[in-house]
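The values are calculated or read from the model by the stated rules, or taken from the named source; none is laboratory data. This one's a predicted model, so the numbers in the text were calculated from it and none came from an experiment. Here Cβ is always computed from backbone atoms with ideal geometry, including for glycine, and neighbour counts include all displayed protein chains.
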Amino acid sequence: MGLFHKSEAYLGVDIGAGGIKLVELHKTKGRAQLWTYGIIEEPLDIHIDKHEKTPEEILAESRQEEDFSTRAKKHKDIPADIKDPRIEHFASLLKELSKTAKVTTNRATASLPVSYIFHTVLTLPHIDEKKLNAVISAEIEKMLPRPVNEMQVVHQKIPALADNKEKDGKYVQYLVTAAPKDLVAFYTAIFQKAGLQLEELETEAFALERSLVGRDTATAMVVDMGSERTNFFIMSQGLPVTQRSIQIGGNSIDAVFGRVLGIEQEDVGQVKLDASRLNASEFDIELFNSIVDPIIKEIEYGFDLYLKQTGNEGKRPEKIILTGGSSLFPPIADKIKNFFDLKVFVGDPWARVVYQQGLKPALNEIGPRMAVCIGLAMRNIGYKN
């Protein structure tokens, strides 16, 4: 692969509660080409607020609000002796995974956990660019869970809809995202100790938009079912405009299997994988109602809330895209499909990636788990529908 053409290499890394996933893509002739990938499945404690000593207490506070990726490049303000043992552990896993997967680049993009990210849409009158940062900070300060000077805030202008006559060009909408500075420092330290150059940090929402939605401007919801949580993102005009999260995920399914079948936790993973190859009709769906029903209610609520917002009244949701490791579990996908009068399908994050066709069966099986890191690796490559 890539023997006769110059290519640029990009590494996407997703560190989550269920382990670490990475994908290396090369930009060859303007297309994203799969080079290598790797997965380490291991429960990881990524919750920085559970520990007495955090990177924020060690790092000097920066009062400047700047892009996540700009901060990630400033390795000089990351001490080499951060005491948090999880940083050493995560870095060791990441370094070993990179070696095993034979990664060829040290330039990486990583994602920040949804549960820590503040995300909103602001509607503002036209403002001088020099004053915009201050105005946005003032607007969101009362909404943030932490003081604004402890958060890194970025914003992006949302393209105006041609049929949005209500605003009549007098107002502009901005997608605003904020992340705790100590979280940014925490991730930066992990990559530094793993010997990787963390060039950019971004939210999972943008990575999933890139790998699963692409240039499609239709209104859709991406439902990402992780180990601990299920995240819900409404995509519109090619941007993730809302995000919500509930604490139900693959671990909840594991618990049902363990309880019903009476098997040990270490055996549940293989049983669930085998079960994913069965038809939904072969399951007693009632056993999983406590998992599926809250997901369906959250999808309903998310769409309802979004469509009641000013400027969204005329929009029509067209599809629900499922992703994450548990999205292939038949009872969940099947019940969502039966409940909503929309296109409901498991997204294919490899659709905009060139790869050897012989890999297709293996890639299809792991695809839902890799959607975030594929989107991260695509950040500087671009994509085609």
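For this structure, a couple of remarks:
- LYS297 fulfils the conditions (1) modelled with pLDDT under 95; (2) not assigned by TED's automatic domain parsing to the domain that holds GLN33 except for a single criterion, (1).
- Among the criteria (1) modelled with pLDDT under 85; (2) exposed (fewer than 13 other Cβ atoms within 10 Å of the Cβ); (3) not acidic (Asp, Glu), the one ARG71 does not fulfil is (2).
- Test: residue in region 202-217 that is over 14 Å from GLN243 (Cα atoms), in a strand (DSSP E or B), more than 18 Å from the chain's Cα centre (by Cα) and at pLDDT below 95: no
- Residue in region 10-19 that is β-branched (Val, Ile, Thr), modelled with pLDDT of 50 or more, within 20 Å of the chain's Cα centre (by Cα) and within 30 Å of GLU150 (Cβ to Cβ) present: yes
- Of all residues in region 86-111, exactly one satisfies the criterion of being assigned to a strand (DSSP E or B) and either among the charged types (D, E, K, R) or not assigned by TED's automatic domain parsing to the domain that holds GLY16 (or both), namely ARG107.
- Qualifying residue in region 147-166 (condition: crowded, with 23+ Cβ neighbours inside 10 Å and either at pLDDT below 90 or among the small types (Gly, Ala, Ser) (or both)): no
- Considering region 244-267, and only residues there that are touching a residue at least 40 places away in the same chain (Cβ under 8 Å) and part of a loop (DSSP other than H, G, I, E, B), the residue that is surrounded by the fewest Cβ atoms within 10 Å (Cβ to Cβ) turns out to be ILE248.
- Scanning region 128-162 for residues that are part of a loop (DSSP other than H, G, I, E, B), of a type outside the set (Gly, Ala, Ser) and free of Cβ contacts under 8 Å to residues at least 40 places away in the same chain returns ASP128, LYS142, MET143, LEU144, PRO145, ARG146, PRO147.
Residues checked against (1) free of Cβ contacts under 8 Å to residues at least 60 places away in the same chain; (2) touching a helix residue (DSSP H, G or I) at 6+ places or on another chain (Cβ under 9 Å); (3) in a loop (DSSP other than H, G, I, E, B):
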residue	(1), (2), (3)
GLY269	no, yes, no
GLU286	yes, no, no
PRO294	yes, no, no
GLU300	yes, yes, no
GLY311	no, no, yes
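- Test for SER227: is it outside any strand (DSSP E or B), free of Cβ contacts under 8 Å to residues at least 40 places away in the same chain and under 23 Å from the mean Cα position of the chain (by Cα): no
- Residues that are of a type in the set (Lys, Arg) and under 16 Å from PRO159 (Cα atoms) within region 199-243 comprise just one, ARG215.
- Taken together, LYS335, LYS343 contain a single residue that is charged (D, E, K, R) and either touching a strand residue (DSSP E or B) at 6+ places or on another chain (Cβ under 8 Å) or outside the structural domain of VAL271 (by TED's automatic domain parsing) (or both), which is LYS343.
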